[in-house]
Amino acid sequence: MGAFRNYMDRIERLFNRGGPLERFSAIYEVVDTFIYTPADVTGGAPHVRDGIDLKRLMILVVFAATPCFFMAMYMVGHEANAAMASLGLQSVEGWRGAVLERLGIGYDPASVGACLWHGALYVLPVYLVTLIAGGFWEVLFALVRNHEINEGFFVTSLLYALTLPATIPLWQVALGISFGVVIGKEVFGGTGKNFLNPALVGRAFLFFAYPSYISGNAVWVPVDGYSGATALYLAKEGGLTAIANAGITWTDAFLGTIQGSMGETSTLACLIGAAFLIVTRVASWRIIAGVMLGMVGTSTLFNVLGSQTNPMFAMPWYWHLVLGGYAFGMVFMATDPVSAAMTDAGRWIYGALIGFMVTLIRVLNPGFPEGMMLAILFGNVFAPLIDWFVIQTNIRRRMRRHAS
Amino acid sequence: MNPGSDTTPVREDIIDPRDQLHRFHGGLVLPGHREAVASRPVQAAGIPPRLVLPLKQHIGEAAECLVRPGDRVSKGQMIAAPRGAISMPVHASSSGTVIAVEARPVPHPSGLMAPCIVIETDGRDEWGQASAPLADYREVPVGRLLERIRESGIVGLGGAGFPTQVKLAHRSPDGIDLLVINGVECEPYICCDDRLMRERTGEVLEGVRILQHILKPRHCIIAIEDHMPEAEAAMRAAVGAAAAGNLRVVRVPEIYPTGGERQLIKVLTGREVPSQGFPADIGIICQNVGTAAAVYQAVVHNRPLVSRLVTVTGAGVREPRNLELLLGTSFRHAVETCGGYSSEVDRLLMGGPMMGFAVTTDEVPVIKTTNCILAVTREEMPPSGDLLPCIRCGKCTAVCPADLLPQQLYWHARSGNLDAAQDYNLFDCIECGCCATVCPSHIPLVQYYRHAKAEIWTQEKQKKAADIARRRHEARIARLERVRQERSGRLAERKKSLSGPADQATDAKQAVIQAALERVRKKKEEAGQAPKNMDNLTPEQERLIREIDARRSQKDPPTEH
């Protein structure tokens, strides 16, 4: 280790200002600070610091999303294996089949290992492509701007990958994350300066550019010829009866054994992540509570209003919670501090706005059975305005208090 | 209704009779690191061979030096006099000889040098002859007491260093409702006020009584944080024994920065000091316990401020403890009195870990605002990590005890948008450091605010200077114009006064000149071209002239006539 430290010290001057490799100082920094802590000393007060730092925050979010990641692998494999069993298929074609063949894993939907392996062959390629394509842009911008490469990217890429369906073509994955990173974040100046969630920007790009690959009935289970609609799609057509007819119970939806994007079907996994994020104080509990209350309030309102023609009016809040990307978006997307409101009161309002919008889109808009992505982007756009009003209100209130 | 209160408006009482406390927004609960040091008694550090006394140890104008190298000074002698209303004198803290008046390193965040008086001590520590002690301060006019406090060089010893008599003289029209004696000492590591209240309870209490006499407040509270039960017990016993009246001891919870003036007032009364205002504006005055003890020394014993209690601590010091140090003692002497540095020492700070600053050399002297000398190891206070981008997590806003939006201030300060930063009340920032402590991106927020404040001050100074220059220029232009007009006016007047008779006079003069010229011309004509001295020559002379002319004509060319 000492030899490596010496080597790093020796080559450091190459990357310093004026050195031949000055352009690549960001890469040197990333390697150096990844392995060692820097030796600089604070110049001014305060001299004590909280233990928490940005790198750790980001890693905690990645930890929190791990249950979703494993559930994604398991569920994709499980759905695929189950579909194969129902269609009477014995093997899959292509490299995935070859790998599974070579490892002798098989396609037993009852075997957790087999499902995990099969699912991993879909989830991991998407994730890796995201890392490579998004990482390329990150490094490029870091080098040109002389910034450091930020750990936040790992969060963005993981969340982005989990919001995609298993059958998504990998070139689209690369295109989407490129759009998300460049247009969603870097053009505004990089980490901390974007006003939209970059992962959602990437997903929204794919959603509107290639709708047939990311919505509909055929994309969720990676088995040719198998068609299964998402529960929300079913509900749009025939309400809770249609969901029940498809053999989906609330428990299925809660655990995640339903059609949907890879990482967002399991509400249970999302709630485990939520508990972790709240306990570690990484995510704002106010935002999560706001999203929850907004959705509960709005869906209850629709329940009370009722409708003869639109079965979605009758969907109770606990079904909204477990269907689609609601839980995943509430826990991981809405709580992104960069694009959320920053004042405490603003966070309640921001969360409630998202909860309200998602219900509104799901119930009233026939075009989009899924509303979470758009609701959060909508909330992102309004977050600065919400903060502004909160601050102005606060100023007025204090002026009144001191005037009296 | 009390019939006696007809003339005076009924005021809601400023403090809750049951000592119901309030909360200020934000703040942090920090580990104290005080126990070991607080349990040891204060030790006097003796007389160092040299004392370095900066001319500016307070907020306001620097003092004016009264001594020259070679002068002998006695302990307590005023060696620099206040200059201006907000300025304080400096006293020799021991007897000896002035050896230099020059720029020396002083404890200041900038690390710059500043003018100091250097005294070589003689070890005798002789007091000079003092003016007579005030027999009983209750018999003395308040103005005289304030003058005595000023002459004694007393400033706020809690850390800010604001001249005490200025603060005491600042009155709200309704008088003072509440005098707060600040024994909170909220910053980690520091415990000199704790020891002071335990060991010199009587002095503190007597000082409080003098302050009460000066201010005549309706209430007086000695506020003590709950991490120092012994000090609290001592003060309670003393207050109880002395038949307290409207004086009370109140325990406040340990939340940093409760010791901040505005925060403490909020905790005790629930009231907020207006932005840009002073506590006196809402009828409250806050004084540190150390200041109270110094007031006692000044008023009762006629002793100026020449020493103070300082906590010398941190894992970088072998035997950390509280010392009584003469002002001007070097940090090195203080640390050596405490057994010297440990081998892992990394940084030397003046003040606590939150608001203190690193000094570049341990030659800097202890000054009136030095409450703590903190030598820390790297392990104890690891350097902050790399500066990372702000992700707007809002943790800074959640902990800000001044109810500000540190994040917005940061954006504006960073982009040099100083007007916007002021709109967000930059100047209400007390620089407590809570925001920077919790920032996950390790952004040195306080430095940004300090920089922005300094930038605004500089701009204002420049603007003021420019205004003065502009006014001077305009005044000069106006003066020149006035002078020009006056002169032309005078000329016109004189011309007027000479007109009429003046014209004839001119003609007369001209005529005289003309006549003279005429005469000359006539004469010339009469004389022809011949020189005048050639008239009426004798034959002898004519012969001589001819000879001369002949001689001249032989020369070639003729050089002279």
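One table, with the values for the structure above:
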quantity: Residue check, B:Met350 modelled with pLDDT of 90 or more, buried (at least 21 other Cβ atoms within 10 Å of the Cβ), within 9 Å of chain A (Cβ to nearest Cβ) and touching a strand residue (DSSP E or B) at 6+ places or on another chain (Cβ under 8 Å); calculated: no
quantity: Which listed residue, of B:Val300, B:Val345, is closer than 25 Å to B:Ile79 by Cα and among the aliphatic types (A, V, I, L, M); calculated: B:Val300
quantity: Within segment A:295-350, considering residues that are within 14 Å of chain B (Cβ to nearest Cβ) and polar (S, T, N, Q), the one farthest from A:Ala231 (Cα to Cα); calculated: A:Thr343
quantity: Verdict on A:Val304 being within 27 Å of A:Thr66 (Cα to Cα) and among the hydrophobic types (A, V, I, L, M, F, W, C); calculated: no
quantity: Exclusive hit being of a type in the set (D, E, K, R) and either closer than 30 Å to A:Met58 by Cα or within 58 Å of the chain's Cα centre (by Cα) (or both), set B:Arg521, B:Arg482; calculated: B:Arg482
quantity: Filter result for B:Thr361 (within 27 Å of the chain's Cα centre (by Cα) and either within 10 Å of another protein chain (Cβ to nearest Cβ) or touching a residue at least 24 places away in the same chain (Cβ under 8 Å) (or both)); calculated: yes
quantity: Within segment B:168-197, tally of residues that are of a type in the set (D, E, K, R) and touching a Cys at 6+ places or on another chain (Cβ under 8 Å); calculated: 2
quantity: Candidates B:Leu55, B:Leu51 - the one that is crowded, with 21+ Cβ neighbours inside 10 Å, modelled with pLDDT of 90 or more and under 17 Å from the mean Cα position of the chain (by Cα); calculated: B:Leu55
quantity: Those residues of segment B:376-386 which are closer than 15 Å to B:Pro188 by Cα and either part of a loop (DSSP other than H, G, I, E, B) or touching a helix residue (DSSP H, G or I) at 6+ places or on another chain (Cβ under 6 Å) (or both), in sequence order; calculated: B:Glu380, B:Met381
quantity: Residues located in segment A:306-349, provided they are closer than 29 Å to A:Gln259 by Cα, assigned to a helix (DSSP H, G or I) and over 13 Å from the mean Cα position of the chain (by Cα); calculated: A:Pro311, A:Met312, A:Phe313, A:Ala314, A:Trp317, A:Tyr318, A:Trp319, A:His320, A:Leu321, A:Val322
quantity: Selected residue [part of a helix (DSSP H, G or I) and either of a type in the set (Asp, Glu) or in the same structural domain as B:Pro31 (by TED's automatic domain parsing) (or both)] from B:Glu481, B:Glu431; calculated: B:Glu481
quantity: Number of positions in segment B:459-476 that are acidic (Asp, Glu) and closer than 25 Å to B:Asp419 by Cα; calculated: 2
quantity: Residue check, A:Asn194 surrounded by fewer than 16 Cβ atoms within 10 Å (Cβ to Cβ), among the polar types (S, T, N, Q) and at pLDDT below 95; calculated: no
quantity: Residue within segment B:280-288 that is more than 24 Å from the chain's Cα centre (by Cα) and either away from chain A (no Cβ under 14 Å) or without any contact (Cβ under 8 Å) to a residue 12 or more places away in the chain (or both) present; calculated: yes
quantity: Pick from segment B:448-471, criterion out of contact with any helix residue (DSSP H, G or I) (no Cβ under 8 Å at 6 or more places or on another chain), within 24 Å of B:Gly260 (Cβ to Cβ) and not aliphatic (A, V, I, L, M), ranking: nearest to the other protein chains (Cβ to nearest Cβ); calculated: B:Arg450
quantity: For B:Glu185: the one exception among (1) on the phi > 0 side of the Ramachandran plot; (2) part of a helix (DSSP H, G or I); calculated: (2)
quantity: Checking B:Thr397 against (1) within 8 Å of chain A (Cβ to nearest Cβ); (2) under 23 Å from B:Lys266 (Cα atoms); (3) within 28 Å of the chain's Cα centre (by Cα), the condition it does not meet; calculated: (3)
quantity: Scan of segment A:163-209 for residues that are among the β-branched types (Val, Ile, Thr) and within 14 Å of chain B (Cβ to nearest Cβ), ordered by number; calculated: A:Thr191
quantity: Output for segment B:77-130, where each listed residue is among the acidic types (Asp, Glu) and not in a loop (DSSP other than H, G, I, E, B); calculated: B:Glu102, B:Glu120
quantity: Qualifying residue in segment B:328-346 (condition: within 14 Å of chain A (Cβ to nearest Cβ) and β-branched (Val, Ile, Thr)); calculated: yes
quantity: Near pairs, Cβ below 9 angstrom, 6+ apart or cross-chain, from segment A:383-394 (exposed (fewer than 15 other Cβ atoms within 10 Å of the Cβ)) to any residue that is polar (S, T, N, Q) and outside any helix (DSSP H, G or I); calculated: A:Asn394/A:Thr343
quantity: B:Asp423 being among the acidic types (Asp, Glu), within 12 Å of chain A (Cβ to nearest Cβ) and farther than 24 Å from B:Phe357 by Cα; calculated: yes
quantity: Search result, residues across segment B:176-205 that are over 16 Å from B:Thr269 (Cα atoms), under 27 Å from the mean Cα position of the chain (by Cα) and among the β-branched types (Val, Ile, Thr); calculated: B:Ile190, B:Val204
quantity: Residue in segment B:370-378 that is facing chain A (nearest Cβ under 9 Å), over 23 Å from the mean Cα position of the chain (by Cα) and free of Cβ contacts under 8 Å to residues at least 12 places away in the same chain present; calculated: no
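The values are calculated or read from the model by the stated rules, or taken from the named source; none is laboratory data. These figures come from a predicted structure and were not determined experimentally. All Cβ positions, even for glycine, are placed from backbone atoms using ideal geometry, and neighbour counts span all protein chains on display.
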